[in-house]
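Q: Just passing along the structure, written as structure tokens.
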Amino acid sequence: MDLSYSPEEIAFREDVRAFLNEKLPDELAEKLRRGGHPSKEEQENWHAILNERGWLAPNWPKEYGGCEWNAVQRHIFEEECAFANAPRVVPFGLSMLAPVLMKFGSKEQCDHFLPRILDGTNWWCQGYSEPGAGSDLASLKTRAVREGDHYVVNGQKTWTTLGQHADWIFCLVRTDPDVKQQEGISFLLIDMNTPGVEVRPIILLDGTHEVNEVFFDNVKVPVENLVGEENKGWTYAKYLLTHERTNIAGVGFSQAGLAGVKRMARAEVSGGRPLIENPHFAARIARVEMDLMAMATTNLRIISKAAVGQAPGVEASMLKVKGTIIRQEINDLARRAAGPYAMPFVSEALEGDNDPVGPDYAGHLAAEYFNYRKLSIFGGSNEIQRGIIAKVKMGG
Amino acid sequence: MNFDLTEERQMLQDTLRRFLADRYATAERNAIIDSDAGFSSDIWAQLAELGVLGALFTEADGGFGGAGFDITTVFEELGRAGVVEPVLDTAVLGGGLIAALGNDAQKSLVEEVIGGGVHLAFAHGEPASRYDLTRVETTAKADGDDIVLNGRKAVVANAEAAGQLIVSARESGAVDDADGISLFLVPADSSGLSQRGYPMLGGGRAAEVTLDDVRLPASARLGTAGDAFPAIAERVAAANVALAAETLGAMETAVELTREYLMTRKQFGRPIGTFQALAHRFSDLLIELEQARSAVINAAGHLGDADRDRQIAAARNLIGRVGRLVAEESIQMHGGIGMTQEYELAHIAKRIVMNDHRLGDTDYHMERFIELSAA
Ligand SMILES: Cc1cc2nc3c(=O)[nH]c(=O)nc-3n(C[C@H](O)[C@H](O)[C@H](O)COP(=O)(O)OP(=O)(O)OC[C@H]3O[C@@H](n4cnc5c(N)ncnc54)[C@H](O)[C@@H]3O)c2cc1C
Ligand SMILES: Cc1cc2nc3c(=O)[nH]c(=O)nc-3n(C[C@H](O)[C@H](O)[C@H](O)COP(=O)(O)OP(=O)(O)OC[C@H]3O[C@@H](n4cnc5c(N)ncnc54)[C@H](O)[C@@H]3O)c2cc1C
């Protein structure tokens, strides 16, 4: 056991910090600090900056242009990015689709799509969930029927994150309705510019447009866009879901978030004293901080056990449950810290188009508290994760 | 002991519930929230006509209620429907403060409030006061026969709609003394008074109000100089009862929506409510809701007695805790649907949680409770 960072890791952290200092646009970091959302262009620009440095794909093998970082390096990178208010890398192409293509896709698919993920030519979104198939994903109904050299797709996906920006969607579709649910699903890559694809916005409770419904009406998809074998999609989908869970604990976000709460609590005054000296608030902060200290170690323990690029098993479910509880607790603390100034909601101010009301750190905190309720719902809800843990440990 | 509503209150509850069920569905309400004014004058006029505003004032003040249980009857129904109209600001706080402190001339405003003809706002909180009721930096200085106000007021709910603002200002004492605070009736169009208005996340609008040499006649003062605090404390207590009841009503809606959803949404071939992981949590919500109802009853029943502030602190702390649980669990048990703007739960959950930022949050009321229990 040794809890200290090696000289190489310390040097790596300094590299990352220097890079962020130099390359992360100040305006963008400031906008995100105030709770703004990166535009499509800002997001793409940030990906390009990371790509130029060779840091866009931490889990990819080097042969495809990845970093092959180990768990500690990934953790350091995520932490520094969170502290610097860098945009999160959009995961759909980079950390969801790419591992599936590398493992199950054809050489042609890898050669065609992987470079386009890295250089930003394609923006991917994830078409798993449907109105009737959420937790029970295998009950999905979107139908793909083979007709000669293409499939004809009909149906609907929903909750599609950033589908409004995407030009490609990877979908789970039903290719055989007559067998056990899990055995009739295929993994299909669909160009969203194909006739018959329609994207409609869903507005979330904080007023943001980040998810969509995607409708398919007789959409023709070339058979080359099938990944792996027909009716084996469920296996690939589950492989992808374990990758979706690798940074699921979000330790870096929690650490940056907690530091933000402390900054606010020093600035806010309650009963004539800084809020951070208020015993009730201080106890709330302390409790989360103790949990987070343990979580940081749990996270490193679990992900360093898994080899590079490999996803942990049932422990990933544990990380997700506890990691999201901690993140949501920090969101709750942040909105509390803002006091009455959590109430004003001037969404243009978050995007920098209007002055904030009250302290400039306060305007987005309540909205973010509500938005981040999603953490315990998506990517397999916390109930589903608990079910997985129990099933693995007790059978049944 | 008797835990039933009187016949009059029962009638008021039925009437108001029916009216809101008819006229205040999700889509209409969300359109009201998005409107420039942030509330509907039409709904407001009808609330006045139904006697909802009158029920919040005593007979001596021209109403027909005004007791703790009148307040809870009204606000529970407002909360159930997620009403954003400023009943708290115009009636309980604004009208209530004038009724408590005003002279006969000033009290004519109370009649107008009850009739639905005027809006008021209580401009008390300041950028640095957080939830402290006694911290008032805004000053009132005599200048000849006039009084001159200077200062800033923060998150003043309903300020833009208000014809008159009831502004607290210090005439003497240290910055956090209870003594030395006065209230003034300040016309919204007074020179030197400026506002920056904005919407709030839980619905309705508020404003940052700046008072820059606002000159008033001494007759604008409510009550005697420096003595307003007891009336402020009494009205804030009533407003806290209202907020607790409103949150209770909103929680009932959240739990009812969750109940219906658990019974109808199917995954894995069965209603999700049949999964015990959800069924037990739903049961916990019902258990906590009963506790919340009792806390509201305790607070309302003690509004007029010596244990008032401790009971209110207990109720708001408990409701704050239960409110967070109900809002979060209701969203969670709905899955993605619970996150969408156009579903009723979205506004209801926001209303529940954002109420915890008005007139003291869970921690503030915990501290108050500890202080008052030690005394
Ligand atoms: C903001 C956001 C972004 C998303 N982005 C995407 C995306 O990009 N692509 C995509 O495909 N999907 C996406 N999703 C969908 C997400 O994966 C689903 O919301 C999630 O799987 C839950 O499904 P559901 O919403 O249908 O809820 P349901 O499955 O209907 O669940 C409702 C409730 O029941 C519980 N429940 C269900 N089954 C059980 C059980 N067996 N035992 C105990 N409890 C149970 C759930 O945990 C939940 O609390 C997103 C969702 C959100 C909210
Ligand atoms: C101090 C004491 C005094 C008692 N006095 C009496 C008495 O006077 N008369 C009498 O008749 N009995 C008495 N009992 C027995 C008591 O009623 C049983 O212990 C109780 O019914 C639980 O049964 P069990 O111990 O067999 O546990 P089990 O039923 O085996 O339960 C084990 C655990 O599983 C849980 N569990 C069981 N079924 C479910 C389910 N469907 N869903 C979720 N969780 C479940 C239980 O809550 C418990 O945590 C007493 C018990 C104790 C400890």
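Q: What Kirkwood hydrodynamic radius do you get for the stretch A:248-394 when you take the inverse of the mean 1/r over all pairs of distinct Cα atoms, in Å? Please report the intermediate quantities before stating the final value.
A: Working: mean 1/r = 0.0597 Å⁻¹.
This gives a value of 16.7 Å.
Q: Then there's this: Under the Kirkwood approximation applied to all pairs of distinct alpha-carbon atoms, what is the hydrodynamic radius of the stretch A:1-117 in Å?
A: Numbers: mean 1/r = 0.0648 Å⁻¹.
Roughly 15.4 Å, rounded to one decimal.
Q: Restricting to the stretch A:124-231, compute how many DSSP beta bridges are antiparallel as a %, nearest 5.
A: Values: 29 of 34 bridges.
Of all bridge pairs located within the stretch A:124-231, approximately 85 percent are antiparallel.
Q: Given +1 on the Cβ of Lys and Arg, -1 on the Cβ of Asp and Glu, and no further charges, what dipole in debye does chain A carry about its Cα centre, rounded to the nearest 20?
A: Values: 43 positive and 53 negative charges, 312 e Å.
Its charge dipole is roughly 1500 debye.
Q: Find the relative contact order for chain A and round it to a whole percent, using C-alpha pairs within less than 8 Å whose residues are 6+ positions apart. Spell out each step's value before the answer.
A: Working: 639 pairs, mean separation 62.2, N = 396.
Relative contact order of chain A: 16 percent.
Q: Moving on to the next point. Quick one: grab the alpha carbon gyration tensor of chain A, order the square roots of its eigenvalues as a ≥ b ≥ c, and give me rounded if a/c is under 1.5, else prolate or oblate depending on whether a/b is larger than b/c. Intermediate results must be reported in sequence, preceding the final value.
A: Numbers: a/c = 1.67, a/b = 1.54, b/c = 1.08.
Taking the square roots of the gyration eigenvalues as a ≥ b ≥ c, chain A is prolate.
Q: Alpha carbon centre of the stretch B:225-260 versus the stretch B:295-368: separation in Å?
A: Result: 9 Å between the Cα centres.
Q: I would also like to ask the following. Calculate for the protein assembly as shown the 222 nm mean residue ellipticity that helices alone would give, adding -39,500 (n - 2.57) per DSSP H run of length 4 or more and normalising by residue count, nearest 500 deg cm²/dmol. Mind dumping the intermediate values first?
A: Working: 24 runs with 354 residues, N = 771.
One gets -15000 deg cm²/dmol as the mean residue ellipticity at 222 nm.
Q: I need two numbers for the protein assembly as shown: Rg to one decimal and Dmax as a whole number, Cα atoms only, in Å.
A: 28.5, 95
Q: Taking the Cα atoms of the stretch A:28-71 alone, what are Rg (to one decimal) and Dmax (as a whole number) in Å?
A: When restricted to the Cα atoms of the stretch A:28-71, Rg and Dmax are 13.0, 38 Å.
Q: Please go through the residue pairs A:LYS31/B:LYS153; B:LYS266/B:LYS350; A:LYS23/A:LYS322 and name each one whose alpha carbons sit more than 29 Å apart in this structure.
A: On the way: A:LYS31/B:LYS153 27 Å; B:LYS266/B:LYS350 26 Å; A:LYS23/A:LYS322 33 Å.
Check vs 29 Å cut-off fails for A:LYS23/A:LYS322.
Q: Additional query: Within the P(r) computed for the stretch A:43-94, what percentage of the Cα pairs occupies the region above 19 Å?
A: I get 20 percent for the Cα pairs in the stretch A:43-94 exceeding 19 Å.
Q: Quantify how strongly other chains surround peptide A:275-285 by giving the mean number of their Cβ atoms within 10 Å of each of its Cβ atoms.
A: On the way: counts 2, 0, 0, 3, 4, 7, 4, 0, 1, 2, 0.
For peptide A:275-285, the averaged partner shielding equals 2.
Q: Write down, largest first, the equivalent ellipsoid semi-axes of the stretch B:60-191 in whole Å, where each equals the square root of 5 times an eigenvalue of the alpha-carbon gyration tensor. Walk me through the numbers before you get to the answer.
A: On the way: eigenvalues 139, 61, 40 Å².
They are 26, 18, 14 Å, listed from largest to smallest.
Q: With a ≥ b ≥ c taken as the square roots of the eigenvalues of the C-alpha gyration tensor of the stretch B:230-374, please select rounded if a/c is under 1.5 and otherwise prolate if a/b is larger than b/c or oblate if it is not?
A: It comes out prolate by the Cα gyration axes.
Q: Pick from A:ILE169, A:ILE117, A:ILE377 the residue whose mean-square fluctuation is largest in a GNM of chain A, springs joining Cα atoms under 10 Å.
A: Of the options given, A:ILE377 has the highest mean-square fluctuation.
Q: Using alpha-carbon pairs under 8 Å, 6+ residues apart, how would you state the relative contact order of the stretch A:124-231 in percent? Please list the in-between numbers first.
A: On the way: 262 pairs, mean separation 32.7, N = 108.
Contact order relative to length: 30 percent.
Q: Now a separate question. If you find the alpha carbon centre of the stretch A:90-113 and of the stretch A:137-168, how far apart are they in angstrom?
A: What the calculation gives is 18 Å, centre to centre.
Q: Counting only other chains, and only Cβ atoms inside 10 Å, what mean value do you get across the residues of A:26-36? Before the final figure, lay out the partial values.
A: On the way: counts 0, 0, 0, 0, 0, 0, 0, 0, 0, 0, 0.
The mean count of partner-chain Cβ atoms within 10 Å per residue comes to 0.
Q: Provide a whole-number value for the mean count of partner chain Cβ atoms within 10 Å of the Cβ atoms in peptide B:117-129.
A: Values: counts 0, 0, 0, 0, 0, 0, 0, 0, 3, 1, 5, 3, 4.
Partner Cβ neighbours, averaged per residue: 1.
Q: Which Rg and Dmax, in Å, describe the Cα atoms of chain B?
A: Computed over the Cα atoms of chain B, radius of gyration and Dmax are 20.9, 80 Å.
Q: Run a plain Debye calculation on the stretch A:346-396 (Cα atoms as equal point scatterers, no solvent) and give log10 I(q)/I(0) at q = 0.24, 0.25, 0.29 Å⁻¹, rounded to two decimals, same order as the q list.
A: Evaluating at q = 0.24, 0.25, 0.29 Å⁻¹ gives log10 I(q)/I(0) of -0.86, -0.89, -1.00.
Q: Starting at 0 and stepping by 5 Å, how many percent of the alpha carbon pairs of the stretch A:124-231 end up in each bin?
A: 2, 14, 24, 25, 18, 10, 4, 2, 0, 0
Q: Also: Given B:ALA225, B:ILE147, A:ASN278, which one lies farthest toward the positive end of the charge dipole of the protein assembly as shown, if we put +1 on the Cβ of every Lys and Arg and -1 on the Cβ of every Asp and Glu?
A: Checked the options; the winner is A:ASN278.
Q: What number results when the radius of gyration of the stretch B:121-224, computed over Cα atoms, is divided by 2.2 N^0.38 Å?
A: Dividing the Cα Rg of the stretch B:121-224 by 2.2 N^0.38 Å gives 1.01.
Q: Given the options B:GLY173, B:GLY54, B:GLY38, which has the most mean-square fluctuation in a GNM of chain B, springs set between C-alpha atoms less than 10 angstrom apart?
A: B:GLY173
Q: Measure off 7 Å from each Cα along the Cα-to-Cβ vector at A:GLN181 and B:THR264, then give the distance between these two points in nanometres to one decimal.
A: Going by the 7 Å Cα→Cβ label model, 2.1 nm.
Q: Which of B:ASP89, A:ASP191 has the fewest other C-beta atoms within 10 Å, and how do the rest follow up to the most?
A: By the 10 Å Cβ count, ascending: A:ASP191, B:ASP89.
Q: Next question. Per 5 Å bin from zero, what fraction in whole % of the C-alpha pairs of the stretch A:87-155 is there, up to the bin with the longest pair?
A: Values per bin, smallest distances first: 3, 14, 17, 17, 22, 19, 7, 1, 0.
Q: Let me ask something else. Mind jotting down a quarter of the surface of the convex hull over the alpha carbons of the stretch A:214-289, in square nanometres, one decimal? Mind showing how you got there, number by number?
A: Values: hull surface 38.1 nm².
So the Cα hull casts an average projection of 9.5 nm².
Q: Hey, which lysines would be in cross-link range of A:LYS232, C-alpha to C-alpha under 17 Å, not counting anything within fewer than 8 residues on its own chain?
A: By straight Cα distance, A:LYS232 reaches A:LYS103, A:LYS141, A:LYS180.
Q: Decide, for the stretch B:7-119, between rounded, prolate and oblate: order the square roots of the alpha carbon gyration tensor eigenvalues as a ≥ b ≥ c, take rounded if a/c falls under 1.5, and otherwise choose prolate if a/b is larger than b/c, else oblate.
A: Details: a/c = 2.30, a/b = 1.39, b/c = 1.65.
Here the stretch B:7-119 falls in the oblate category.
Q: Let me ask something else. Translational diffusion coefficient of the stretch B:313-361 at 4 °C, 1.567 mPa s, Stokes-Einstein with Kirkwood Rh over Cα pairs, in µm²/s as a whole number. Mind showing how you got there, number by number?
A: Working: Rh = 11.1 Å.
For the chosen part, D equals 116 µm²/s.
Q: Moving to a separate point now. For the residue pair A:MET394 and A:SER6, what label-to-label distance in nm results when each label sits 7 Å from Cα along the Cα-to-beta-carbon direction?
A: 4.2
Q: Expressed as a whole number of Å, what is the distance separating the alpha-carbon centroids of the stretch B:94-140 and the stretch B:1-38?
A: So the separation of the two Cα centres works out to 25 Å.
Q: Looking only at B:PHE184, B:PHE69, B:PHE268, which one moves most when chain B is put into a Gaussian network model with springs between Cα atoms under 10 Å?
A: Result: B:PHE268 has the largest fluctuation of those listed.
Just so you know, all these numbers are worked out from the coordinates, no wet-lab data involved. Quick caveat, the model's predicted, so the values are computed rather than measured. Cβ atoms come from the backbone with ideal geometry, glycine included; neighbour counts cover every protein chain shown.
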